[in-house]
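Since every read-out is calculated from the coordinates, none of them should be taken as a lab result. From a predicted model like this one, the values you see are computed outputs, not experimental measurements. All Cβ positions, even for glycine, are placed from backbone atoms using ideal geometry, and neighbour counts span all protein chains on display.
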Amino acid sequence: MSAITLNAPKLFDLSAQVALVTGAGSGIGQRIAIGLAQCGADVALLDRRSDDGLQQTADAIAATGRRSISLAADVTVKAALADAVLRTEKELGPLRLAVNAAGIANANPAEEMAEEQFQTMMDINLKGVFLSCQAEAQAMLKHGRGAIVNIASMSGVIVNRGLSQCHYNASKAGVIHMTKSMAMEWVGRGIRVNTISPGYTATPMNTRPEMVHQTKLFEEQTPMGRMAHVDEMVGPAVFLLSDAASFVTGVDLLVDGGFCCW
Ligand code: NAP
């Protein structure tokens, strides 16, 4: 056996690294942003929300002793993302890590869906992730180092029974394959890019009161018999961003309670 030089627990340490998280004012992005800070990162928080979501995330990060900045921005606007990366590097330091979680969901039968509804979904869920990756990678490529995680969905792999959301499913399939494509473009230049594809997860996106009936079905359809808690997205994100995943790129990590097995 060769000498053991690896310090395994240190693999997940993100100390003194700078991260940018989109969709950081709610749900999965919010919880992952706090989780990255708990692992030692300083975090730039981006969201379009005008409520106190970003402030809540910032307060939770302050309690960990790490730094954060809040960026009110729309991921469909290229210049806003360039500015966000610029501010992140100016105020926190060289950008090393990114999680792109901003997204929307809605439903409508395909034969009735207005072109505008389809387009808005693509603009936010697919183009927004593209523009985010582009701005983040431009900085990371300069430093020759970085890791990006895009939040896709199991809906990019399966079709959710009973949900008429062809535009959402197509946007998420697009995110998964776009991520693999970017991973291959940047593979020799120090940047890793992967997706996490959550199954049904209890967030404001799908725990609205009018969703109660739907939520029960989500739980019944999931082999583990429940939806994911947002906490359960943190470990996969930390893994993919950290040195523990140094040989992992272009992967779609399903975090779905077994959903895609059935
Ligand atoms: P969420 O609680 O609604 O969080 C998404 C955040 O992104 C919200 O704060 C939202 O703001 C923001 N956002 C939306 N469009 C934006 C834009 N154009 N620019 C900047 N910010 C924007 O939803 P979530 O459940 O955490 O979803 C996070 C990601 O996980 C999404 O990509 C979603 O598709 C994916 N996902 C979720 C589930 C699930 O079951 N929850 C399952 C699989 C995948 P607004 O509230 O103003 O829209």
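For the reader, a short list of remarks on this structure follows.
- Put in line by how crowded their Cβ is, counting other Cβ atoms within 10 Å and starting with the fewest, 66, 87, 189 read 189, 87, 66.
- Proximal lysine pairs, region 14-254, alpha carbons under 27 Å, eight or more residues apart or interchain: 13
- Projected area, mean over directions - region 113-262, Cα convex hull, nm²: 9.5
- 10 Å binning of all Cα-Cα separations within region 6-93, expressed as whole percents from 0 upward: 19, 50, 25, 5, 1
- With only the Cα atoms considered, region 42-174 has a convex hull volume of 125 Å³ per residue.
- Legend: helices of the chain (whole DSSP H runs) are marked when their alpha-carbon atoms reach 15 angstrom or more along the helix axis and their mean Kyte-Doolittle hydropathy is at least 0.0; marked are 27-38, 53-64, 128-143.
- The slack in the chain from residue 52 to residue 77, taken as 0.36 nm per residue of separation less the alpha-carbon distance, amounts to 6.8 nm.
- Each part gets one Cα centre, and for region 138-166 versus region 27-87 those centres are 18 Å apart.
- Label separation (residue 214 vs residue 16): 4.6 nm, computed from points 7 Å beyond Cα along the C-beta direction.
- Using the Cβ-Cβ distance between residue 206 and residue 115 with R0 set to 22 Å, the FRET efficiency works out to roughly 0.30.
- Ranked list, fewest to most other Cβ atoms within 10 Å of each Cβ, for 22, 88, 5, 215: 5, 215, 88, 22
- Computed over the alpha carbons of region 14-254, Rg followed by Dmax gives 17.0, 51 Å.
- Gain on full stretching of the segment that runs from residue 163 to residue 184 - 0.36 nm per residue minus C-alpha separation: 4.3 nm
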